[in-house]
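Some notes on the structure that comes next.
The values are calculated or read from the model by the stated rules, or taken from the named source; none is laboratory data. Not measured: the values here are computed from a predicted model. Cβ sites come from the backbone with ideal geometry, for glycine too, and all protein chains shown count toward neighbours.
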Amino acid sequence: MAQKLVVKRIFLTLFVLSLFAFIGLPVLSQEQGNSPIGIFDGQTDVGENPKPGSATYDAATGDYRVTGGGANIWAKVDAFHFLYKKLSGDVTITADVKFEGAGAVPHRKAVLMVRQSLDPDSAYADVARHGNGLTSLQFRPTAGADTQEVQSKDDGSVRIQLVRRGSEFTIYTGKPGEKLIPAGPARVILQDPVYVGIGVCSHDANVLETAVFSNVKIEPPESMNPTNVRSRVTIYDLKSKSTKVLYTTDHLVEAPNWSPDGKYLLINTGGRLYRLPVKGKKPQPELVNLDAAYRCNNDHGPSPDGKLIAFSANYADSHASQVFVANADGSNPKLLTPKMPSYFHGWSPDGKWLTFVGQRDSSFNIFRVPLAGGNEERLTSHPGYDDGPDYSPDGKWIYINSNRSGTWDIWRFPADGAGPNDSKAERITSDALEDWFAHPSPNGKWLVFLSFPAGTPGHDAKLQVQLRMMPMPGAQPGAKPGPIQTLTQFFGGQGTINVNSWSPDSKRFAYVVYEVLPEKK
């Protein structure tokens, strides 16, 4: 009898599958847990769901039809149906979303989510499209905390996107084929691996709602280029430990220098130099009237008296960077380094010397040249890579970053040179992070520098970075470095603080935070 029952069940299953194939319906897995569905590892109900959710995948169209219940994705716990994939590292998830039917509750939600775990109170970030058209960045910064929200200015979006870069999450919303509108970012610290996926919440535990997710993509974040970047010129206040965004633009802006009178920042964008006023409700950059034949890069700075500016640029048909000096208004530019490539980084406190990085033979070393003109002087000779020279305010030391120890660390040497075989060079930092561009404060108390993740080979890529600070080492050789503190973390790198950006009173410093904007697709 039992054998006959088994045979009947097998026959019935085969009949149903054949019927699905005959009428053109896809044969799909709807099991909970680890059964793969499309690009996802599995699906499950998160939290309390009196009415279980489900999902189907149409391999022909690539569409996911997701049905979910649950009271909400909000407050301290969540309840919804979730399709997930376990991943590590930065990620972008994108989809076009359409609800089915009028819906019982206007705040039903279809989400793209990055989540620490499948627990209902897990830390997470998502882009949530609501049934009434509201789209927002929702995030729970730690397990069991209240959910927070940043609403998008775009209502009724069709295409939604969530981008994770380190601990920073940004959403983009809009319509296919148009430039998407960003909102955020929000900071949520998640440990790899994480759960990345799509989900639906009905907002009423007694009903089920359905949304269709089309053109679903999970991929690395887009790389940054001058056409798809947002720059935020930001000021950090040491006393309040707070930040203020001074200026935002959808162009690549780099390397702010604070003017000696404290009134403006010198920045570069599009190969030109600009002054950005520090005060005012909405300060706007003012072009420095320098001949456009000078294609400036991100190495520049006002002289200590504010009367001159030093800058690095490719001039006309030159094939590499050289160091120039001009009047503060851009007039009367003069070449100081005929040899190429050369990149300016710092003025001596008395204004008589400029220190720069130059590639001579196969190595990048530190040099100085007199403002009055003359031959360059080599200050370091190590066969590795030295960069970012900046003077201490007493003029006795030059601080650099170097890979001479095998990793990128901050070093210093006497201002007149590191001596034979760089014997006078001293290592200042030595932990696992890769440290670049150390800048002493004008009062001689602090050293701020940029730190990349361990193992980062250079500084060109835009990454999740840290601004760190430590007490200035003592004036005597061999002084023991003080403790290092992390001031802030963000997406940045090359262009953030290539040159000194301290305010004259040592109370603030400027830097640039970047954000990658999606290209039109």
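Restrict the check to the stretch 353-366 and report whether at least one residue is of a type in the set (Lys, Arg), more than 21 Å from MET470 (Cβ to Cβ) and either surrounded by fewer than 24 Cβ atoms within 10 Å (Cβ to Cβ) or not assigned by TED's automatic domain parsing to the domain that holds PRO504 (or both). For the stretch 353-366, residues of a type in the set (Lys, Arg), more than 21 Å from MET470 (Cβ to Cβ) and either surrounded by fewer than 24 Cβ atoms within 10 Å (Cβ to Cβ) or not assigned by TED's automatic domain parsing to the domain that holds PRO504 (or both): present.
Per-residue answers, yes or no, for (1) aromatic (Phe, Trp, Tyr); (2) part of a strand (DSSP E or B):
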{"position": "ASP416", "(1), (2)": "no, no"}
{"position": "VAL465", "(1), (2)": "no, yes"}
{"position": "MET469", "(1), (2)": "no, yes"}
{"position": "PRO473", "(1), (2)": "no, no"}
{"position": "ASN500", "(1), (2)": "no, no"}
{"position": "TYR514", "(1), (2)": "yes, yes"}
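Rundown of residues vs (1) touching a residue at least 24 places away in the same chain (Cβ under 8 Å); (2) closer than 19 Å to ILE218 by Cα; (3) acidic (Asp, Glu); (4) not in a strand (DSSP E or B), yes/no style:
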site	(1), (2), (3), (4)
GLY144	yes, no, no, yes
VAL150	yes, no, no, no
GLY156	no, no, no, yes
PHE169	yes, yes, no, no
TYR172	yes, yes, no, no
PRO176	yes, yes, no, yes
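Table: residues versus (1) touching a Leu at 6+ places or on another chain (Cβ under 7 Å); (2) assigned by TED's automatic domain parsing to the domain that holds TRP258; (3) closer than 21 Å to GLN494 by Cβ; (4) in a loop (DSSP other than H, G, I, E, B).
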position: LEU276; (1), (2), (3), (4): yes, yes, yes, no
position: LYS281; (1), (2), (3), (4): no, yes, no, yes
position: ASN298; (1), (2), (3), (4): no, yes, yes, no
position: GLY306; (1), (2), (3), (4): no, yes, no, yes
position: PHE311; (1), (2), (3), (4): yes, yes, yes, no
position: ASP317; (1), (2), (3), (4): no, yes, no, yes
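The condition (being within 19 Å of TYR385 (Cβ to Cβ) and surrounded by fewer than 19 Cβ atoms within 10 Å (Cβ to Cβ)) is satisfied by just one residue among PRO477, PRO453, PRO414, PRO483: PRO453. Taking the stretch 377-436 as the range and being small (Gly, Ala, Ser), in contact (Cβ under 8 Å) with a residue 60 or more places away in the chain and under 16 Å from ASN365 (Cα atoms) as the test, the residues that pass are GLY388, ALA415. The requirement of being closer than 26 Å to ASP460 by Cβ and among the polar types (S, T, N, Q) is fulfilled somewhere in the stretch 260-281, by at least one residue. When restricted to residues that are under 32 Å from the mean Cα position of the chain (by Cα) and surrounded by fewer than 17 Cβ atoms within 10 Å (Cβ to Cβ), the stretch 314-330 contains 3. Restricted to strands (runs of 3 or more DSSP E) entirely inside the stretch 29-139, those with at least 2 residues that are under 27 Å from the mean Cα position of the chain (by Cα) and in the same structural domain as ASN206 (by TED's automatic domain parsing) are 80-87, 91-99, 109-115, 124-130.
Count of the stretch 465-506 residues, restricted to those that are farther than 12 Å from TRP258 by Cα and at pLDDT 90 or above, is 21.
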